[in-house]
Structure formats: structure tokens, C-alpha cells
Amino acid sequence: MARLVAAFGSSHSTMLFSSLENWQALFDHVDCKAPINDFEGTKRSFEELLNAVPDGAAANISKEAIAGRHRSTAEAMERLHADIPSARLDVLIIIGDDQREIFQDACRPAIGVYYGETIRNAAAASTAVTDWYVQDQRRRLEDGSDRFYPCHGALGRHIITGLSERHFDITAVKALVGEQFEGHAYSFIHRRFMNERAIPIVPVFLNTYYPPNQPTPQRCFDLGVAIRELVASFPEDLRVGVLASGGLSHFLVNEELDRKVVAALEAKDFDTLRTLPPRLLHTGSSEIRNWITVAAAASDLDLEWISYVPAYRSRAMTGVGLCFAHWK
């Protein structure tokens, strides 16, 4: 029988491919281009956010503070880069979200599971760009040509069937078509942590981002419980891992929310995770749902370590709550 032997979590922000120099240059030119939701979900302009910055907040974007945060995230990613292969996994289930890379507004499932034998990541565009942020974004894509990463179709199909029997409404995805590719929640994991040896994956798509059919925190927790049970019922002898891709809060860093989530993960405080207010889980912060799912799937495992970095990146205090974790 299959066994769930490890779990992981990793943010997947473009920041994580950016150099210290680019962090210190600040992301104002990126974050000023679109309205950003405040903690309650109200859209605010960059200028509004600038005008609301509290006294003393500028210390968060000093070159020294940024250097310390960049160093902390690099150390956490290197640790995860070593921990994933050390788990000797046969399969890795990745809980992520799609941001119009596969699913569009015309048809967007709340929960999807991929059960093809491979999944495509696209090649980065070859056209030259001068914007370092665009260059860093391209690092989640392939160099030169498309790459087809291995998947575990049989386990994917087993999860689809089992979730359907447990009354989850599941979109079964067997192949990508046309220009579709796996999306950054999955390509980041491949490119940053599995570029040397690609572990077969089962991509699970949660619609964390887009109303009106986002799964509630409770539903995400129930999904994680079901995935754990279905792994245990799979007849092949497999070592299986599960990984949360994305989060925590962004594009305003909500340290109060992030630290509440981290504390709940450390204490196995599942009631807190199940009852997080959905109104706080908007835009990028919505990816906390992926962590709730993994926490439920990993409930029989122990949290080996967790690293949280409130990565402020602009004069308006925009940024990402970067988080990394390993259960075993």
C-alpha cells in the first residue's frame, strides 16, 4: 500500500528567483501598475497605500533589512531543496492554484486533478527584455524548449475516483491542449526544487483566487483529509509526498494573518485553519488555502521546520509573506 511519508510547503513568488540587488531596487514599478487589495479585500491604489504607510515602516525596506530577509529565504529554499530528494519519494502531490494559465473565466473548476502521464511546462520567450522583473518571471519557464515532466496518472485517477465517491465535485484533467502549460504554481516547484531529478507529480488545482466558486477553508481541510485517506488506499507500494505551493499573504504583507497561520501549523490547531475568514483569503493571500489542504493531509506527520519571512518589497509596504516548511 502507498504511504504518505512527507509534506512540504513553499511560496512561489517571482521574488524567489530575484537577486538581492533586485530586491533592494524595490518592486514599486511592478506593484504600482494594478490596484492591490487591503487586508479586508478593498482595492486600493499604490498612492493610497503610500499615503497610509505608518510611521517607522520605512525600516522594513532598508537595504540591511532586505538583505537579511533575502538571506533567510535563500537558506530556507536550500534546505527544502535538500529535504525533498532526501524523502525518497515515488510521487509528489502538488496542491496549487491556476491563474488563467489553464482555466479561464469562461470555465473554472473549484477543484481539479490531473491524471495524465506527463505535463508540459512552456519554454520562455526568446525575445530580449530589459525589465529585471520580467526576466525573473521567465525563470519559472524552460530554457530553450518545452519540457514534459513525469506525472503519476494511476494515482491521479485513483484520487479523482475516490474524491468523487466522497461527494467532491472534481474536474478530471487528462491532458493540456494548445498553448496550455502547467502554470507557475507547479513550474516553480519543478524549476527550483526538482530540476536535477523530476519526481512524478499529481497536480491538484484549487481555485483559490477567483470568485464565485472558491472552496472554503473547511472544504480545503476536508480535501486534505480525503487525499490522505486515498493515498493510504492506493494498492501500489509508493512513498508519497504532498506539497503546498504559494502563499502566504500578498500583495500586502499581512503579518498578523500569516503568523496566525504559522502558529496553527506548528500547534496542529486545525480549528483555526478550518475557520479562517474567507474575506481575508483574497488575491494572493487566497493561496493559504493550499497550506490548509496540506496541513490536513499531513496531520499524522510532525512539522520538522517552518520558516516565515515577511518580505516587504516597496515603499507602499507591498510584498509577500514567504513561507517554507517540511513535515515528516
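Values in this text are rule-based calculations from the coordinates and carry no lab data. Computed from a predicted model, the values in this text were never measured in an experiment. Ideal geometry is used to build each Cβ from the backbone, glycine not excepted, and the neighbour counts take in all protein chains shown.
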Subject >> Whole-angstrom gap from the stretch 71-96 to the stretch 180-245, using each part's C-alpha centre >> reply: 14 Å
Original post:
Counting only the backbone N, which residues of the stretch 212-241 are under 17 Å from the spot 7 Å out from the Cα of Asp105 toward its beta-carbon?
Top reply: 212-214
Original post:
For Lys328, which lysines qualify as cross-link partners when the Cα separation must be under 24 Å and same-chain residues fewer than eight apart are set aside?
Top reply: Lys260, Lys268
**OP:** Kindly give the semi-axes, whole Å and largest first, of the ellipsoid equivalent to the stretch 149-303, taking each as the square root of 5 times a Cα gyration tensor eigenvalue.
**Re:** 24, 19, 16
**OP:** For every other residue with a beta carbon closer than 13 angstrom to the beta carbon of Pro235, add +1 if it is Lys or Arg and -1 if Asp or Glu, then tell me the sum.
**Re:** 0
Original post:
What does the chain give for Rg and for Dmax, in Å, if only its C-alpha atoms count?
Top reply: 18.9, 59
**OP:** For the chain, with a Gaussian network of springs between Cα atoms less than 10 Å apart, report the residue from Val53, Val225, Val253 with the top mean-square fluctuation.
**Re:** Val53
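Percent relative contact order of the chain, based on C-alpha pairs within less than 8 angstrom and at least six residues apart? The partial results should precede the final answer.
Values: 670 pairs, mean separation 107.7, N = 328.
Reported as a whole number, the value is 33 percent.
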Subject >> Rg/Rh ratio calculated on Cα atoms of the stretch 247-328 (Kirkwood radius) >> reply: 0.97
Original post:
Is it possible to state the helix-based mean residue ellipticity at 222 nm for the chain, with each DSSP H run of 4+ residues giving -39500 (n - 2.57), the sum divided by total residues, to the nearest 500 deg cm²/dmol? What is it?
Top reply: -10500 deg cm²/dmol
**OP:** Rank the residues Ser299, Ser10 as a footprinting-exposure proxy: fewest other Cβ atoms within 10 Å of their Cβ go first.
**Re:** Ser299, Ser10
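Rounded, prolate or oblate, given the Cα gyration tensor of the stretch 84-241, with a/c below 1.5 counting as rounded? Write down the numbers at each step before the final one.
Numbers: a/c = 2.02, a/b = 1.36, b/c = 1.49.
It is oblate, given that a/c is not under 1.5 and a/b is not larger than b/c.
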**OP:** Can you check what the net charge comes to around Arg108, using other residues whose Cβ is under 11 Å from the Cβ of Arg108 (Lys, Arg +1; Asp, Glu -1)?
**Re:** -2
Original post:
If you plug each phi of the stretch 248-263 into the Karplus form 6.51 cos²θ - 1.76 cosθ + 1.60 with θ = phi - 60°, what whole-Hz ³J(HN,Hα) values come out, in order, with x for Gly and Pro?
Top reply: 7, 5, 5, 9, 9, 6, 10, 4, 4, 5, 4, 5, 5, 5, 4, 4
**OP:** Count charges around Leu303 for me, please; just the other residues with Cβ under 13 Å from its Cβ, Lys/Arg as +1, Asp/Glu as -1.
**Re:** -4
Subject >> the chain: angle of helix 288-297 to the longest principal axis, Cα-based, in degrees nearest 10 >> reply: 30 degrees
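Order by neighbour count: Glu287, Glu48, fewest other Cβ atoms within 10 Å first, most last. Kindly include the intermediate steps, with their values, before the conclusion.
On the way: Glu287 30, Glu48 14.
Sorted ascending by nearby Cβ count, the order is Glu48, Glu287.
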Original post:
Can you give the three extents of the C-alpha atoms in the stretch 156-246 along their principal axes, from longest to shortest, in whole Å?
Top reply: 39, 36, 25
Original post:
For the stretch 208-253, max minus min Cα coordinate along each principal axis, in Å, sorted largest first?
Top reply: 43, 21, 14
**OP:** Would you mind checking which residues have amide H under 5 Å from Thr171's amide H? H placed 1.01 Å from N; only 5 or more apart, or other chain.
**Re:** Ile111, Gly112, Val113
**OP:** Take the Cα atoms of the stretch 1-115, find their three principal axes, and give me the spread along each one in whole Å, biggest first.
**Re:** 57, 41, 22
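Within a 10 angstrom radius of the beta carbon, how do Arg3, Arg44, Arg191 rank from fewest other beta carbons to most?
Numbers: Arg3 13, Arg44 16, Arg191 19.
Listing Arg3, Arg44, Arg191 from fewest to most nearby Cβ atoms yields Arg3, Arg44, Arg191.
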